[in-house]
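The values are calculated or read from the model by the stated rules, or taken from the named source; none is laboratory data. Keep in mind the model is a prediction, meaning the values are calculated, not measured. Here Cβ is always computed from backbone atoms with ideal geometry, including for glycine, and neighbour counts include all displayed protein chains. The protein model used for the area step is the full one, side chains on, heavy atoms only, and it has no ligands, DNA or RNA in it. Shrake-Rupley method; radii C 1.70, N 1.55, O 1.52, S 1.80 Å.
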Amino acid sequence: MKYRLIATTAAAALLASVAMAQDKSVTIASWGGSYQAAQSDALFKPASAATGVTVKEETYGGMSDVRLQVQTGAVTLDIVASGSGSAARAAEEGLLEKLDYTVIDVSTFYPQLYTDYCVGGDVFSTVYAWNTATYGDAGPQSWADFWDVEKFPGKRAYRGKVAGALEPALMADGVAPEDVYKVLDSEEGIMRAIDKIRQLKPHIDVFWSSGAQHAQLMKDGEVDMTTGWNGRFDVAAKDGAKVAYSFNQALLDYDCFAIPKGAPNKDTAMAFLAEISKPEYQANLPLYITYGPTNKAAYALATVGEDVLKALPSHPDNAALQLPVSLEWYAKWETKAAELYDAMLTE
């Protein structure tokens, strides 16, 4: 009986080992375009080579896709890239696994750039950008300018989701940056922001749904100004787009990586997040797109020039001009704000 028990235990251990070897793969979903290409080159590919974990990349539509998978019990994604606010809301809904920070080392992270459910991958900014063929260097320098269709006539594009959409509207309406989230902390304040966007709506030709789309709009010259993410515009400019932007009154935010609740390869995903959170990987990101590392140790390893470092959203000179995004507001209000915003879009 003892021999049979030992044999059975050994067989079980062997099967578990084989299963783990077969399980060394993760499916990662991100936003596509130049952003995901940068993540792939700086993070996913080198980490895969170092760990032996096979990475399958997909693009997705955000936490709404995660919600559907979790609710239907058909989770196929192991890691997702997300905006910090959307991740905060998803965590409140119970859609994400709690991260194990005994596995993922965040000892050299900036403290505000990770949460129990999402670990920061990069720092970025939501900015207003303009077509330099239309305005030259004399483009808008505030959200009030973005709304000023007499001083800056032309076609606009704006985000088709609520994340990063309401704060600019309130600043355009005269609310000081430090008071934006105080005003938004009520349904009346949310409606004030939406009403301001409604005023601009006749001049908005496109409500964009992805970073690749808003970058392409500027590359093709389809609009004269748009909101969007700074790194996408820098890549577009390198590709010949006539585009410039300002950090003044921009939204300072970060993207993070999360594990959907019930991820099929949760343990491997946790270990892979630990790998790509190391400074030697994050230091590579600015080589491909102008987003800053969330691991402050990466700055000492960065091989990019001083001009690139000064162009990062997280550079002190740029960060000082911006409004940091409030995760607390998104966790509390994004669901309701999204309903109201979507209703305005379909009017």
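When Ala269 is evaluated against the numbered criteria (1) over 29 Å from Gln249 (Cβ atoms); (2) under 19 Å from the mean Cα position of the chain (by Cα); (3) of a type outside the set (Phe, Trp, Tyr); (4) open to solvent by 70 Å² or more (accessible area, probe 1.4 Å), which criterion, by number, is the only one it fails?
(4) is the only condition that Ala269 fails.
Could you list, in sequence order, all residues of region 137-192 that are open to solvent by less than 20 Å² (accessible area, probe 1.4 Å), of a type in the set (D, E, K, R) and part of a helix (DSSP H, G or I)?
Glu167
One residue is enough: does region 115-129 have a residue meeting the conditions farther than 25 Å from Lys56 by Cβ, more than 14 Å from the chain's Cα centre (by Cα) and open to solvent by less than 10 Å² (accessible area, probe 1.4 Å)?
yes
Scan region 32-60 residue by residue and report those that are closer than 20 Å to Trp229 by Cα, open to solvent by 30 Å² or more (accessible area, probe 1.4 Å) and not in a strand (DSSP E or B).
Gly33, Ser34, Ala37, Asp41
So for region 100-108 (the condition being outside any strand (DSSP E or B), under 20 Å from Ala283 (Cα atoms) and among the polar types (S, T, N, Q)), does at least one residue qualify?
So far as region 100-108 goes, yes, one or more of its residues are outside any strand (DSSP E or B), under 20 Å from Ala283 (Cα atoms) and among the polar types (S, T, N, Q).
Collect the residues in region 309-325 that are open to solvent by less than 80 Å² (accessible area, probe 1.4 Å) and over 10 Å from Asp253 (Cβ atoms), keeping them in residue-number order.
Leu309, Ala311, Leu312, Ser314, His315, Asn318, Ala319
Out of the residues in region 280-303 meeting the condition of being farther than 16 Å from Gln39 by Cβ and touching a residue at least 40 places away in the same chain (Cβ under 8 Å), tell me which one is most open to solvent (accessible area, probe 1.4 Å).
Across region 280-303, the extreme among qualifying residues is Lys296.
Out of curiosity, is Ala271 modelled with pLDDT of 95 or more and in a loop (DSSP other than H, G, I, E, B)?
Working: modelled with pLDDT of 95 or more: yes; in a loop (DSSP other than H, G, I, E, B): no.
No: the conditions fail for Ala271.
Let's see how each residue does on (1) β-branched (Val, Ile, Thr); (2) farther than 19 Å from Glu334 by Cβ:
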{"position": "Arg67", "(1), (2)": "no, no"}
{"position": "Gly83", "(1), (2)": "no, no"}
{"position": "Ala90", "(1), (2)": "no, no"}
{"position": "Tyr101", "(1), (2)": "no, yes"}
{"position": "Phe109", "(1), (2)": "no, yes"}
{"position": "Val119", "(1), (2)": "yes, yes"}
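I'm trying to understand the selection: among the residues of region 92-113, which are in contact (Cβ under 8 Å) with a residue 60 or more places away in the chain and open to solvent by less than 70 Å² (accessible area, probe 1.4 Å)?
Matches in region 92-113: Gly94, Leu95, Leu96, Glu97, Leu99, Asp100, Val103, Ile104, Val106, Thr108, Phe109, Leu113.
Which ones in region 239-260 are over 21 Å from Val162 (Cβ atoms) and either outside any strand (DSSP E or B) or open to solvent by less than 40 Å² (accessible area, probe 1.4 Å) (or both)?
Asp239, Gly240, Ala241, Lys242, Val243, Ala244, Ser246, Phe247, Phe257, Ile259, Pro260
Test Ser25 against the criterion of being under 14 Å from Phe272 (Cα atoms), modelled with pLDDT of 95 or more and surrounded by 17 or more Cβ atoms within 10 Å (Cβ to Cβ), and give yes or no.
Taking the combined requirement at face value, the residue satisfies it.
In the list Ala300, Ala237, which residue meets the criterion of being aliphatic (A, V, I, L, M) and within 25 Å of Tyr135 (Cα to Cα)?
Just a single option satisfies the conditions, and that option is Ala237.
What are the residues in region 61-91 that are among the charged types (D, E, K, R) and either open to solvent by 60 Å² or more (accessible area, probe 1.4 Å) or under 22 Å from Asp342 (Cβ atoms) (or both), if any?
The answer is Asp65, Arg67, Arg89.
Just one of (1) of a type outside the set (Ser, Thr, Tyr); (2) modelled with pLDDT of 95 or more; (3) open to solvent by 10 Å² or more (accessible area, probe 1.4 Å); (4) under 30 Å from Thr27 (Cα atoms) trips up Trp208, so point out which.
Going through (1) of a type outside the set (Ser, Thr, Tyr); (2) modelled with pLDDT of 95 or more; (3) open to solvent by 10 Å² or more (accessible area, probe 1.4 Å); (4) under 30 Å from Thr27 (Cα atoms) one by one, Trp208 breaks only (3).
Any chance you could count how many residues in region 70-83 are modelled with pLDDT of 95 or more and either under 13 Å from Thr115 (Cα atoms) or in contact with a strand residue (DSSP E or B) (Cβ under 7 Å, 6 or more places away or on another chain) (or both)?
9
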